[in-house]
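Asker: Dropping a structure here in structure tokens format, bear with me for questions.
The values are calculated or read from the model by the stated rules, or taken from the named source; none is laboratory data. This one's a predicted model, so the numbers in the text were calculated from it and none came from an experiment. Note that each Cβ is placed from the backbone with ideal geometry, even for glycine, and that neighbours are counted across all protein chains shown.
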Amino acid sequence: MTVHCYSFIGGEFRTEAESFERRNPANGELAAVAELADAAAVEAAVAAAVGAFVSWRWSTGFERGHLLRELARLSLERLDDLATSMTLELGKPLDEARGEVRKFADAMAFYGEEAERIFGETIPNRSNDYLSVVAKEPIGPVAAITPWNYPVELLGWKLGGAIGAGCTMVIKPSEYTPGAAQIVMECVRDAGFPPGVVNVVYGTGEVGAMLAGHPDVAKLAFTGSNATGQKLFSTVQGVTRLTMELGGSCPLLVSKHADLDLAAAGAVRRAFRNAGQICIAVNRIYVEEPVADAFVERVVALTDKLTVGDGFADPGADVGPVAMEEIYERTTAHVDDARRRGARILTGEQPHPLGGLFLNPVVVADAPHDSEIMTQETFGPAVGIASCTSLDEAAEHANAVPGGLAAYLYTVGLGEAMRYAALLDFGNVGVNTTDAGIINAPYGGRRESGFGYEHGREGLEGYLQLKHVRIRHSHE
């Protein structure tokens, strides 16, 4: 299956002068061919969004909600097409990719309902002769730059919030996963969205920079690396609004009072799911000394049971290949750095027999606190573990990195749960779970992990602006 990806501008698919390829990281076969947008294509896409906003901004929440729910339905009809595209472009196991499509549909259904619940308010005045009304209005055409690791789900977070609020948009998907976006746009077309409400252009960071710097873009929503986010931040001109989710090196704390079986299962799941290529992956673990050996033993045993394979040939595999050479090299470099500093590599050190971009999941014990794996985001299938004398020490190390997206804590004590959930300076904290996000609660980071929120009502409110209307209605 090779997906040909066309620019989607003003409700029509179109070709460009040049194209680029994306190959399957598992076997090198061609997965997608995408039309490469130039400056004229970006200009046309923004112009289409600007033109469509003139009427779309007056659509009702009920109209927008109906279209989003229809998009949810159609995406489930195309579930296997979407999942297969992701697996071939990214390496994500097919069963996991199917789950991502279902989450996309859930997000569309959620924002379809939220679109019907955009409420204003009335404000009392000192005189009964006046009435103040606060209305919420869409901010205008927005640009969304979406990542490759969850190319359907994270596109949906932005699309659902922006469209539900009454904005129009131009999406620039990752150049590593254009095929998934193409199929989503086919669903958008079939759902009956008016021309120009949703537009897509394909390309590298240069295309994203053109969108970020466009004077007619009212807001930029970005998910990606800190380095790319900082570049885009400097590209944005004027008073363009921003939402940025930039990832982070996420910690997990294990109390001496924790259920160690539950903690180990959560650690392995969140460290190695999607080959560790998740912004909220567990990168580093801090365990209280009395239970450190027992916890590490459980983590190693569970890691050794994980299956690594071609996500399409083996749909139920736990771990597929990493998406690109850069991740492979960074993961091995972080492991090598920890080894040189005296850490123990307990499992996963041997090369995977499939070669290429396949890596065995690696567990690094006794990792020094200043090692790369404990201070930087690996974004690959490796996790570092260090013991601490107390949870206070663990929390101090957890908060020491620049980012603050998600943190996790395992304890059976309510007092510990409340104390350390408060002490951890992260936008999302999971206690006795490594599923820190749900679609109806806000999701966002702190410090260098970015700003703004997706998920929840806040994911829609970020595309709205307030207007105060003060009316003198007395005829006296």
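Asker: Mind listing whichever residues of region 318-335 are part of a loop (DSSP other than H, G, I, E, B), buried (at least 19 other Cβ atoms within 10 Å of the Cβ) and of a type in the set (A, V, I, L, M)? First the steps, then the outcome.
Answerer: Taking region 318-335 and keeping what is part of a loop (DSSP other than H, G, I, E, B), we get 318, 320-324.
Next, from what is left, pick out any that are buried (at least 19 other Cβ atoms within 10 Å of the Cβ): 318, 320-323.
Matches in region 318-335: 322, 323.
Asker: Looking at this structure, is residue 320 closer than 24 Å to residue 176 by Cβ and either at pLDDT below 95 or among the charged types (D, E, K, R) (or both)?
Answerer: Working: closer than 24 Å to residue 176 by Cβ: yes; either at pLDDT below 95 or among the charged types (D, E, K, R) (or both): no.
In short, no.
Asker: Next question, about the same structure. Could we say that residue 32 is farther than 22 Å from residue 153 by Cα and either surrounded by 18 or more Cβ atoms within 10 Å (Cβ to Cβ) or in contact with a Cys (Cβ under 6 Å, 6 or more places away or on another chain) (or both) here? Quick ask: steps written out before the conclusion?
Answerer: Details: farther than 22 Å from residue 153 by Cα: no; either surrounded by 18 or more Cβ atoms within 10 Å (Cβ to Cβ) or in contact with a Cys (Cβ under 6 Å, 6 or more places away or on another chain) (or both): yes.
No; evaluated as a whole, the condition is false for this residue.
Asker: When both residues are 6+ apart or on different chains and their Cβ atoms are under 6 Å apart, which pairs have a first residue that lies in region 245-262 and is farther than 22 Å from residue 459 by Cα, and a second that is of a type in the set (Ser, Thr, Tyr)?
Answerer: Pairs found: 252/408; 253/286; 254/410; 255/411; 257/411; 258/410; 258/411.
Asker: Please indicate, with yes or no, whether at least one residue in region 430-441 is part of a strand (DSSP E or B), of a type in the set (S, T, N, Q) and surrounded by fewer than 18 Cβ atoms within 10 Å (Cβ to Cβ). Even if it seems obvious, please write down each step before you answer.
Answerer: Of the residues in region 430-441, the ones part of a strand (DSSP E or B) are 430-431.
Those left that are additionally of a type in the set (S, T, N, Q): none.
Taking every residue of region 430-441 in turn, none turns out to be part of a strand (DSSP E or B), of a type in the set (S, T, N, Q) and surrounded by fewer than 18 Cβ atoms within 10 Å (Cβ to Cβ).
Asker: Only one of 155, 159, 94 is in contact (Cβ under 8 Å) with a residue 24 or more places away in the chain, within 22 Å of residue 442 (Cβ to Cβ) and in contact with a Pro (Cβ under 8 Å, 6 or more places away or on another chain); which?
Answerer: Values: 159 fails: in contact with a Pro (Cβ under 8 Å, 6 or more places away or on another chain); 94 fails: within 22 Å of residue 442 (Cβ to Cβ).
One residue alone meets the criteria, 155.
Asker: Restricting the search to region 289-334, which residues are of a type in the set (Ser, Thr, Tyr) and within 23 Å of the chain's Cα centre (by Cα)?
Answerer: Going residue by residue through region 289-334, those that are of a type in the set (Ser, Thr, Tyr) are 303, 307, 328, 331-332.
Within region 289-334, 328, 331 qualify.
Asker: Further, regarding this structure: Residue check, residue 401 against (1) of a type outside the set (Ser, Thr, Tyr); (2) at pLDDT 95 or above; (3) touching a helix residue (DSSP H, G or I) at 6+ places or on another chain (Cβ under 8 Å), all met but one. Which one?
Answerer: (2)
Asker: Please enumerate the residues belonging to region 354-365 that are more than 15 Å from residue 304 (Cβ to Cβ) and either crowded, with 19+ Cβ neighbours inside 10 Å or more than 29 Å from the chain's Cα centre (by Cα) (or both). I'd like the intermediate steps shown before the answer.
Answerer: First pass over region 354-365, keeping only residues more than 15 Å from residue 304 (Cβ to Cβ): 354-358.
Residues satisfying the conditions are 357, 358.
Asker: Which ones in region 459-476 are modelled with pLDDT under 95, over 20 Å from residue 133 (Cβ atoms) and not in a loop (DSSP other than H, G, I, E, B)?
Answerer: Once the filter is applied, which keeps residues that are modelled with pLDDT under 95, over 20 Å from residue 133 (Cβ atoms) and not in a loop (DSSP other than H, G, I, E, B), region 459-476 yields nothing.
Asker: Provide a single number: the residues in region 412-424 that are surrounded by fewer than 16 Cβ atoms within 10 Å (Cβ to Cβ) and either assigned to a loop (DSSP other than H, G, I, E, B) or in contact (Cβ under 8 Å) with a residue 12 or more places away in the chain (or both). Before the answer, list the steps.
Answerer: First, pick out the residues of region 412-424 that are surrounded by fewer than 16 Cβ atoms within 10 Å (Cβ to Cβ): 412-415, 418, 421-422.
Now drop any that are not either assigned to a loop (DSSP other than H, G, I, E, B) or in contact (Cβ under 8 Å) with a residue 12 or more places away in the chain (or both), which leaves 412-413, 421.
Selection size over region 412-424: 3.
Asker: Additional query: Exactly one condition in (1) part of a helix (DSSP H, G or I); (2) crowded, with 24+ Cβ neighbours inside 10 Å is false for residue 209; which is it?
Answerer: The single condition residue 209 does not satisfy is (2).
Asker: Which residue pairs have Cβ atoms under 7 Å apart, sit 6 or more places apart or on different chains, and have a first residue in region 350-365 that is in the same structural domain as residue 333 (by TED's automatic domain parsing) and a second that is in a loop (DSSP other than H, G, I, E, B) and of a type in the set (Asp, Glu)?
Answerer: Cβ pairs passing all conditions: 362/349.
Asker: Could you give every pair whose Cβ atoms fall below 8 Å, whose first residue belongs to region 304-319 and is touching a residue at least 24 places away in the same chain (Cβ under 8 Å), and whose second residue is loosely packed, with under 14 Cβ neighbours inside 10 Å, counting only separations of at least 6 or pairs across chains?
Answerer: The qualifying pairs are 314/307; 316/307; 317/307; 318/307; 319/307.
Asker: Is one or more of the residues making up region 304-317 under 30 Å from residue 90 (Cα atoms) and either part of a strand (DSSP E or B) or of a type in the set (Phe, Trp, Tyr) (or both)?
Answerer: First, pick out the residues of region 304-317 that are under 30 Å from residue 90 (Cα atoms): 304-317.
From the residues that got through so far, the ones that are either part of a strand (DSSP E or B) or of a type in the set (Phe, Trp, Tyr) (or both) too are 308, 312.
Yes, region 304-317 contains at least one residue that is under 30 Å from residue 90 (Cα atoms) and either part of a strand (DSSP E or B) or of a type in the set (Phe, Trp, Tyr) (or both).
Asker: When you go through 313, 338, 343 one by one, which is the residue that is surrounded by fewer than 19 Cβ atoms within 10 Å (Cβ to Cβ) and farther than 22 Å from residue 266 by Cα? Let's see the steps before the verdict.
Answerer: Values: 338 fails: surrounded by fewer than 19 Cβ atoms within 10 Å (Cβ to Cβ); 343 fails: surrounded by fewer than 19 Cβ atoms within 10 Å (Cβ to Cβ).
Step by step, each of 313, 338, 343 is checked, and only 313 is surrounded by fewer than 19 Cβ atoms within 10 Å (Cβ to Cβ) and farther than 22 Å from residue 266 by Cα.
Asker: How many residues are basic (Lys, Arg), surrounded by 24 or more Cβ atoms within 10 Å (Cβ to Cβ) and out of contact with any Gly (no Cβ under 6 Å at 6 or more places or on another chain) when one looks only at region 156-190? I'd like the intermediate steps shown before the answer.
Answerer: Taking region 156-190 first, the residues basic (Lys, Arg) are 158, 172, 189.
So of that shortlist, the ones also surrounded by 24 or more Cβ atoms within 10 Å (Cβ to Cβ) come out as 158, 172.
Among the residues that remain, those that are also out of contact with any Gly (no Cβ under 6 Å at 6 or more places or on another chain) are: 158.
Here the count works out to 1.
Asker: Next up: Does at least one position in region 456-464 carry a residue that is buried (at least 16 other Cβ atoms within 10 Å of the Cβ) and within 25 Å of residue 227 (Cβ to Cβ)?
Answerer: So far as region 456-464 goes, yes, one or more of its residues are buried (at least 16 other Cβ atoms within 10 Å of the Cβ) and within 25 Å of residue 227 (Cβ to Cβ).
Asker: Which of the numbered conditions does residue 80 fail, given that it passes all the others? Conditions: (1) in contact (Cβ under 8 Å) with a residue 24 or more places away in the chain; (2) touching a helix residue (DSSP H, G or I) at 6+ places or on another chain (Cβ under 8 Å).
Answerer: (1)
Asker: Go through region 366-390 residue by residue and tally those that are surrounded by 21 or more Cβ atoms within 10 Å (Cβ to Cβ) and assigned to a loop (DSSP other than H, G, I, E, B).
Answerer: Residues flagged as surrounded by 21 or more Cβ atoms within 10 Å (Cβ to Cβ) and assigned to a loop (DSSP other than H, G, I, E, B) within region 366-390 amount to 7.
Asker: When you look at residue 394, is it of a type in the set (A, V, I, L, M), over 28 Å from residue 309 (Cβ atoms) and in a helix (DSSP H, G or I), yes or no?
Answerer: Working: of a type in the set (A, V, I, L, M): yes; over 28 Å from residue 309 (Cβ atoms): yes; in a helix (DSSP H, G or I): yes.
When the stated conditions are applied, residue 394 passes them.
Asker: Filter region 31-87 down to the residues that are farther than 29 Å from residue 218 by Cβ and among the hydroxyl-bearing types (Ser, Thr, Tyr) and list them by number.
Answerer: Result: 84, 85, 87.
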